[in-house]
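The values are calculated or read from the model by the stated rules, or taken from the named source; none is laboratory data. The structure displayed is predicted, hence computed values, not measured ones. Here the Cβ positions follow ideal geometry from the backbone for every residue, glycine too, while neighbour counts run over all protein chains shown. For accessibility, only protein heavy atoms count, side chains too; no ligands or nucleic acids. Shrake-Rupley method; radii C 1.70, N 1.55, O 1.52, S 1.80 Å.
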Amino acid sequence: MSDSPKLTRRPEWTALEDHRAGPFLHAHLRELFATDPQRAERYTARVGDLHIDYSKHLITDETLALLQELATATDVFGLRDAMFRGERINTPEDRAVLHTALRAPRDAVVEVDGENVVPKVHAVLDRMAGFAEQVRSGKWTGHTGRRIRNVVNIGIGGSDLGPAMAYDALRSFTDRDLTVRFVSNVDGADLHEAVRDLDPAETLFIVASKTFTTIETITNATSARSWLLAGLGGTAQTGDGSAVAKHFVALSTNAEKVADFGIDTANMFEFWDWVGGRYSFDSAIGLSLMIAIGSDRFRELLDGFHLVDEHFRTAPAESNVPLLLGLLGVWYGNFFDAQSHAVLPYSHYLSKFTAYLQQLDMESNGKSVDRDGHPVEWQTGPVVWGTPGTNGQHAYYQLIHQGTKTIPADLLGFVNPVAELGGELASQHDLLMANLFAQGQALAFGKTPEEVRAEGVAEELVAHKTFKGNHPTTTILARELTPSVLGQLIALYEHKVFVQGAIWHIDSFDQWGVELGKVLAKRVEPALTEGADVPGLDSSTSALVATYRTLRKK
Ligand code: F6P
């Protein structure tokens with residue numbers, strides 16, 4: 001049990017409350033910029049290839065100093081060091097939290113219970129690289145001797161979102177002769193659409209599940225096996241079971257369950273319980289991505305992660321970027337009552353980036369009890385949302401600009417389009433990025449009634465056409481979207497989420513909140529399939545089940 005004072009009773013917290021209520025907040029970003037010509041320069045940071053402008057935040061030097069004091073008081077760096085040392089900081093689950101070991105260089109030493117885990121990590125990476133090379137070169141053939149041309153990853157949550165997001169992000173680095181798809185939803189339509197135009201003889205399924213008990217994944221994998229065996233000239237019952245060995249591999253921590261499913265554990269790529277599901281994408285879970293981009297590119301991605309790990313581990317508080325971003329999130333969430341945080345990538349390739357961050361952030365920090373099991377009396381993780389600009393501009397940006405909510409936003413963009421784009425399409429990039437810069441500007445500085453009037457707008461429309469501005473944004477730029485840059489970006493967000501969890505004194509590494517729905521779905525399913533009586537079902541759910549059964553086609 002912790003005997004440290006409650007977060008909101010700490011003097012560092014109340015100092016921030018006083019600061020929030022103080023005079024500076026009456027200063028608009030327009031004034032903060034006007035009175036400080038160096039502001040953009042002073043409030044710009046660099047980590048690796050990332051250029052981070054945080055000048056358009058509702059902060060002064062004093063705000064930053066007070067936030068830093070809160071970080072010191074809550075011992076964010078103490079928890080960080082314990083994480084990197086391999087201590088069991090995921091206390092409710094009694095586990096170490098060592099996704100950083102997944103990208104540690106070969107000669108690093110990271111110990112869990114006295115054992116250096118780095119050699120194990122690299123042994124699996126080497127096996128993955130060997131396997132990926134065999135698939136890419138055509139040496140790994142299917143049951144009928146044909147080369148593999150299609151790879152279908154079956155997994156959900158952390159066993160899907162990372163590789164699916166990164167496959168899109170790094171599409172221009174992928175082997176375009178391979179078809180790579182991701183199936184996660186237990187809705188049979190997902191698997192149907194993924195395989196309907198594929199030849200089973202040329203298809204490899206990668207079943208990705210840390211626990212290998214997740215019902216969606218096991219159900220889809222079972223259906224995929226039937227599809228494969230039927231497609232190879234049999235049925236799940238009569239088909240040649242040895243085909244499974246050539247068309248199914250598993251990524252898991254649970255060898256026993258993998259064997260029970262019928263996948264030879266020789267075809268299993270392992271990881272460990274100190275890798276959380278939503279932090280697992282650098283582990284064997286990345287196999288589909290490695291097949292798509294090749295092992296050298298995959299290692300560049302890991303190096304990008306590691307670069308930011310090292311920055312987070314060693315940079316002093318004043319220049320520690322994940323710490324800074326975490327503190328800014330706390331500033332808005334706890335002192336401005338901001339309920340959400342928008343992540344708006346100006347890159348089509350990052351279409352799934354925000355969805356990936358949703359699990360990372362919301363499954364980590366969506367908590368309402370603290371590390372000691374006490375209810376928290378402060379806001380914890382925000383709702384994370386967003387889609388690529390410029391599409392969002394024509395949909396929901398209206399609410400960010402003129403709505404009533406405080407929505408801090410991250411604007412992500414790249415100076416250059418991917419090398420594959422040429423000619424006219426490459427030249428569209430300047431327009432794309434002009435939109436990013438314009439949005440940051442409009443959100444921060446808005447448009448005053450005087451400016452609107454000066455345009456000759458009729459008085460009754462002035463209020464409608466005024467933009468209040470003062471909306472905080474972080475702009476993150478990189479030269480181009482490479483595997484390393486993607487790794488850097490993800491690690492930046494991982495550590496930002498860590499910082500916030502540390503300050504809020506919650507465990508960012510368990511996810512008990514997803515359990516209840518799973519248990520209830522298992523209880524309700526027999527009512528749908530067999531009309532079974534489910535004891536204790538409430539009247540609303542009971543009536544819904546009855547309607548479902550009446551309308552369900554036999
Ligand atoms: O949704 C809960 C969860 O446990 C996630 O944390 C995890 O990423 C996902 O399910 C998938 O779990 P598994 O990899 O064990 O199939």
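Among the helices (runs of 4 or more DSSP H) lying completely within region 250-319, list those that include at least 3 residues that are surrounded by fewer than 18 Cβ atoms within 10 Å (Cβ to Cβ). Give the steps one after another, and end with the answer.
Details: elements: 255-261, 287-293, 295-314.
Because the criterion is at least 3 residues that are surrounded by fewer than 18 Cβ atoms within 10 Å (Cβ to Cβ), the helices (runs of 4 or more DSSP H) in region 250-319 that meet it are 255-261, 295-314.
To keep it simple, each residue is scored yes or no on (1) among the aromatic types (F, W, Y); (2) touching an Asp or Glu at 6+ places or on another chain (Cβ under 8 Å); (3) surrounded by 14 or more Cβ atoms within 10 Å (Cβ to Cβ).
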{"residue": "Q488", "(1), (2), (3)": "no, yes, yes"}
{"residue": "I503", "(1), (2), (3)": "no, no, yes"}
{"residue": "D510", "(1), (2), (3)": "no, yes, yes"}
{"residue": "G517", "(1), (2), (3)": "no, no, no"}
{"residue": "T529", "(1), (2), (3)": "no, no, no"}
{"residue": "V545", "(1), (2), (3)": "no, no, yes"}
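Quick check, is A338 touching a Ser or Thr at 6+ places or on another chain (Cβ under 6 Å), assigned by the TED database to the domain that holds V124 and modelled with pLDDT of 95 or more?
no
Checking the condition in contact with a Phe, Trp or Tyr (Cβ under 7 Å, 6 or more places away or on another chain), hydrophobic (A, V, I, L, M, F, W, C) and within 15 Å of the ligand (Cβ to nearest atom), which residue from L324, L287 passes?
Values: L324 fails: within 15 Å of the ligand (Cβ to nearest atom).
When all the criteria are applied, what remains is L287.
Yes or no: T213 under 28 Å from D361 (Cα atoms), within 16 Å of the ligand (Cβ to nearest atom) and part of a loop (DSSP other than H, G, I, E, B)?
Here the answer is yes, as T213 does meet what is asked.
Mind checking which helices (runs of 4 or more DSSP H) fall wholly inside region 107-200 and carry at least 2 residues that are within 16 Å of the ligand (Cβ to nearest atom)?
161-169, 188-195
Counting only residues that are in contact with a strand residue (DSSP E or B) (Cβ under 8 Å, 6 or more places away or on another chain), of a type in the set (A, V, I, L, M, F, W, C) and under 22 Å from S364 (Cα atoms), how many does region 461-520 have?
The qualifying residues number 4.
Check whether at least one residue in region 176-186 is more than 21 Å from the chain's Cα centre (by Cα) and either open to solvent by less than 20 Å² (accessible area, probe 1.4 Å) or of a type in the set (D, E) (or both), and report yes or no.
Checked region 176-186: at least one residue is more than 21 Å from the chain's Cα centre (by Cα) and either open to solvent by less than 20 Å² (accessible area, probe 1.4 Å) or of a type in the set (D, E) (or both).
Is it the case that region 456-470 has a residue that's closer than 27 Å to L327 by Cα and open to solvent by less than 50 Å² (accessible area, probe 1.4 Å)?
The answer is yes, given that some residue of region 456-470 is closer than 27 Å to L327 by Cα and open to solvent by less than 50 Å² (accessible area, probe 1.4 Å).
Limited to region 375-403, what total is found for residues that are more than 27 Å from A444 (Cα to Cα), free of Cβ contacts under 8 Å to residues at least 12 places away in the same chain and either among the β-branched types (V, I, T) or open to solvent by less than 60 Å² (accessible area, probe 1.4 Å) (or both)?
Result for region 375-403: 0.
Just the residues that are within 19 Å of Q339 (Cα to Cα), in a loop (DSSP other than H, G, I, E, B) and in contact with a His (Cβ under 7 Å, 6 or more places away or on another chain), please, taken from region 371-398.
P382 - this is the single residue of region 371-398 that is within 19 Å of Q339 (Cα to Cα), in a loop (DSSP other than H, G, I, E, B) and in contact with a His (Cβ under 7 Å, 6 or more places away or on another chain).
Just one of (1) farther than 26 Å from I218 by Cβ; (2) modelled with pLDDT of 95 or more; (3) surrounded by fewer than 18 Cβ atoms within 10 Å (Cβ to Cβ); (4) not small (G, A, S) trips up L170, so point out which.
Only one criterion in (1) farther than 26 Å from I218 by Cβ; (2) modelled with pLDDT of 95 or more; (3) surrounded by fewer than 18 Cβ atoms within 10 Å (Cβ to Cβ); (4) not small (G, A, S) is unmet by L170, namely (3).
Taking region 25-37 as the region of interest, how many residues are open to solvent by 30 Å² or more (accessible area, probe 1.4 Å) and either in a helix (DSSP H, G or I) or within 14 Å of F336 (Cα to Cα) (or both)?
Looking only at that region, the number is 6.
Cβ-Cβ below 9 Å, separation at least six or inter-chain, first residue in region 46-67 and on the phi > 0 side of the Ramachandran plot and assigned to a strand (DSSP E or B), second open to solvent by less than 10 Å² (accessible area, probe 1.4 Å) and of a type in the set (S, T, N, Q): which pairs?
If the second residue must be open to solvent by less than 10 Å² (accessible area, probe 1.4 Å) and of a type in the set (S, T, N, Q), no pairs are left.
Tell me, which helices (runs of 4 or more DSSP H) lie completely within region 428-541 with 2 or more residues that are in contact (Cβ under 8 Å) with a residue 60 or more places away in the chain and within 30 Å of W274 (Cβ to Cβ)? Walk me through how you get there before you give the answer.
Working: elements: 449-454, 459-465, 483-504, 515-530.
Output list reads 483-504, 515-530.
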